[in-house]
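I have placed the structure first, in the form of structure tokens, so that the comments after it can refer back to it.
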Amino acid sequence: MITLPTLARIPHIQHAFFTREGGVSSGLFASLNCGYGSADSPDNVAENRARAAQQFGLAAERLLTVHQIHSTEVLTVDGTRLWRSPGAPKADGLVTDKPGIALGVLSADCAPVLFADTEHRVVGAAHAGWRGALAGIVDATVAAMERLGARRERIHAAIGPCIARQSYEVGPEFPGPFTAQDPANAAFFTPAQRAGHHMFDLPGYLLRRLQLLGVASAEASGHDTLSDQRQFFSFRHNTLNGVRDYGRGLSAIALVA
């Protein structure tokens, strides 16, 4: 389990970027696979999620995740509707001002981003693959937090383990949409060994998006999910090795009553 100073120093907040250690799943999904979208046993996933919720002192049903679709859709959790997974609503972000609820996102190379307002007690979580990052999922999450009374200049953000630039080769079509958005985004692409391909810095791009939003601070863990198979699940690692399925790691944040 990984925590970052950006959020760890905020009172009344608990957060965790869980590694793949400490669960009950085996084989491809060993061991803390928290994704029902995998072919892992649903009973194993349920137990893994219960163990993660216990780290927050919460029952399993108080850990909420969504059916992630690489969107900018953000749900506001008011505590009156605690859905179950599988069958969760489709979105890529969650926010709440209610204590005793852990907001979770799942990832296996995409970037998990956790947010907390230092004064108004509002938290958020976002799943940011390249599509969601480019479309503005972190912007949408900050906006949803502000609707609950947060102020961006008091919001601290932490980007958890995700695929790093040295592992993230993308095709020739990739830089265009990013540089069309802002020519300065060219800095997040460097030439790959394959002609016309690039290495993309997803956490670096997200850090800049957060800085442009005017949040109080933003920090990235610096972990590379593809290169560290002991600690992290990686969709791309499995795909490159001809394996179609993969486990999902959990990142979560909660307000403490």
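Every read-out reported here was derived from the displayed coordinates using simple, explicitly stated rules and does not represent laboratory data. Since we're looking at a predicted model, the values are computed, not measured. Neighbour counts are summed over all protein chains in view; Cβ atoms, including those assigned to glycine, are modelled from backbone coordinates with ideal geometry.
With the condition kept exactly as written, say whether any residue in the stretch 169-177 is surrounded by 18 or more Cβ atoms within 10 Å (Cβ to Cβ) and among the β-branched types (Val, Ile, Thr). Checking the stretch 169-177: not a single residue is surrounded by 18 or more Cβ atoms within 10 Å (Cβ to Cβ) and among the β-branched types (Val, Ile, Thr). With respect to the conditions (1) under 30 Å from Asn33 (Cα atoms); (2) surrounded by fewer than 21 Cβ atoms within 10 Å (Cβ to Cβ); (3) of a type in the set (Val, Ile, Thr), Thr141 lacks only one, and its number is (2). Test Leu75 against the criterion of being under 17 Å from Gly124 (Cβ atoms) and outside any loop (DSSP other than H, G, I, E, B), and give yes or no. Here the answer is yes, as Leu75 does meet what is asked.
Whenever a residue of the stretch 86-102 is under 16 Å from Ala126 (Cβ atoms), its partners that are of a type in the set (Asp, Glu) and loosely packed, with under 15 Cβ neighbours inside 10 Å, lying with C-beta atoms within less than 9 angstrom and at least six residues away or across chains, give the pairs Thr96/Asp78. I want to confirm something. Restricting to the stretch 11-35 and keeping residues that are surrounded by 19 or more Cβ atoms within 10 Å (Cβ to Cβ) and farther than 23 Å from Asp228 by Cβ, which single residue is nearest to the chain's Cα centre (by Cα)? Looking at residues that are surrounded by 19 or more Cβ atoms within 10 Å (Cβ to Cβ) and farther than 23 Å from Asp228 by Cβ, I get Gln14. Selection of first residues in the stretch 223-240 that are among the basic types (Lys, Arg) and of second residues that are buried (at least 20 other Cβ atoms within 10 Å of the Cβ), restricted to Cβ pairs under 6 Å at least 6 apart or on distinct chains, gives the following pairs, ordered by first then second residue: Arg236/Asp109; Arg236/Leu226. Taking the listed residues Leu94, Leu64, the one that is closer than 19 Å to Val142 by Cα and in contact with a Phe, Trp or Tyr (Cβ under 8 Å, 6 or more places away or on another chain) is Leu64, with no other qualifying.
Looking only at residues that are assigned to a helix (DSSP H, G or I) and in contact with a Ser or Thr (Cβ under 9 Å, 6 or more places away or on another chain) in the stretch 164-192, which one is nearest to Leu206 (Cα to Cα)? That would be Asn185.
Listed here are the residues, each with its yes/no results for (1) among the small types (Gly, Ala, Ser); (2) surrounded by 14 or more Cβ atoms within 10 Å (Cβ to Cβ).
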position: Ala218; (1), (2): yes, yes
position: Asp224; (1), (2): no, yes
position: Asp228; (1), (2): no, yes
position: Ser251; (1), (2): yes, yes
position: Val256; (1), (2): no, no
